[in-house]
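Below: one structure, written as structure tokens.
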Amino acid sequence: EEAEEYFDKAHHVDPENSIALTGKAKLLARTGRTEEAEELFDKAYQVDQENAVALTGKAKLLAKTGRLEEAEELFDRAHLLDPDDVFCLNGKANLLARTGRLQEAEKLFDRAAHLAPNDVFSLTGKAELLARTGRIAEAEQLLDKACRLAPNNAVALTEKAHLLARTGRTEDAELLFDKAHQLAPDDVVILNAKAELMASIGRFEEAEELFD
């Protein structure tokens, strides 16, 4: 709420401030207000057509809602504006991985890691890709690093919990899912992941409560 008030004040002072518009759009996207977010990303880009962050923000929003072709086009346009933007590289890499283009995705994650070796989202994104292709030890190394760098990052904790669950370390996985849930109590991905874990070890009532 405080952040939204700040962006609203900035917008009131300067209605054409592309940075403030982009900031509020990202905030709205994180809180699930996707239509409002998309409108503000569009407005931010109209105001400043060099604003790669607005393009990338909208691309991530579109990818999240399944509009993958549009998202990829926006990632590419953003990349042309700022080839070294790690936020964009990670977003495009995640989209490529999601659509099965794993080698291309890994190259982009590697590029992002080269530019920002301690970027948690680069580490977790590549780790997820490695785990999908059976490179479990490499994936775990990256996730361990991500969790050391950001011990309260719900995304890193959730990915590590996924890996632990996949390799049979269910008690450790449950502890990490619980910690991630404490940090992001409204994150449906975490709730569903823990529910799947509970179901896999026969704790069906707990799983059903989480799915509900």
From the set of residues in region 135-156 that are in a loop (DSSP other than H, G, I, E, B) and open to solvent by 50 Å² or more (accessible area, probe 1.4 Å), which is farthest from His181 (Cα to Cα)? Arg135
Ala113 passes all but one of the listed conditions (1) open to solvent by less than 60 Å² (accessible area, probe 1.4 Å); (2) closer than 16 Å to Lys60 by Cβ; the exception is number (2)
Say we look at region 157-202 and pick out the residues that are in contact with a Cys (Cβ under 9 Å, 6 or more places away or on another chain) and of a type in the set (A, V, I, L, M); which of these is least open to solvent (accessible area, probe 1.4 Å)? Leu157
For region 175-207, which positions are in a helix (DSSP H, G or I), in contact (Cβ under 8 Å) with a residue 24 or more places away in the chain and either more than 26 Å from Gly32 (Cβ to Cβ) or of a type in the set (Gly, Ala, Ser) (or both)? Ala180, Ala193, Ser200
Give me the pairs: first residue in region 94-111 and touching a residue at least 12 places away in the same chain (Cβ under 8 Å), second residue in a loop (DSSP other than H, G, I, E, B) and basic (Lys, Arg), beta-carbon distance under 9 Å, and six or more apart or on different chains, which are they? Leu95/Arg101
Among the residues of region 123-134, is there at least one that is open to solvent by 30 Å² or more (accessible area, probe 1.4 Å), modelled with pLDDT under 95, closer than 26 Å to Asn51 by Cβ and within 16 Å of the chain's Cα centre (by Cα)? no
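Being modelled with pLDDT of 70 or more, open to solvent by 50 Å² or more (accessible area, probe 1.4 Å) and either within 16 Å of Ala78 (Cβ to Cβ) or not small (Gly, Ala, Ser) (or both), is that true of even one residue in region 1-8?
No; the residues of region 1-8 include none that is modelled with pLDDT of 70 or more, open to solvent by 50 Å² or more (accessible area, probe 1.4 Å) and either within 16 Å of Ala78 (Cβ to Cβ) or not small (Gly, Ala, Ser) (or both).
The values are calculated or read from the model by the stated rules, or taken from the named source; none is laboratory data. Just so it is clear, the model here is predicted, and its values are computed rather than measured. Note: ideal-geometry Cβ built from the backbone for every residue, glycine included; neighbour counts use all protein chains shown. For the accessible areas, the whole protein counts, side chains as well, though only heavy atoms, and no ligand, DNA or RNA atoms are used. Shrake-Rupley method; radii C 1.70, N 1.55, O 1.52, S 1.80 Å.
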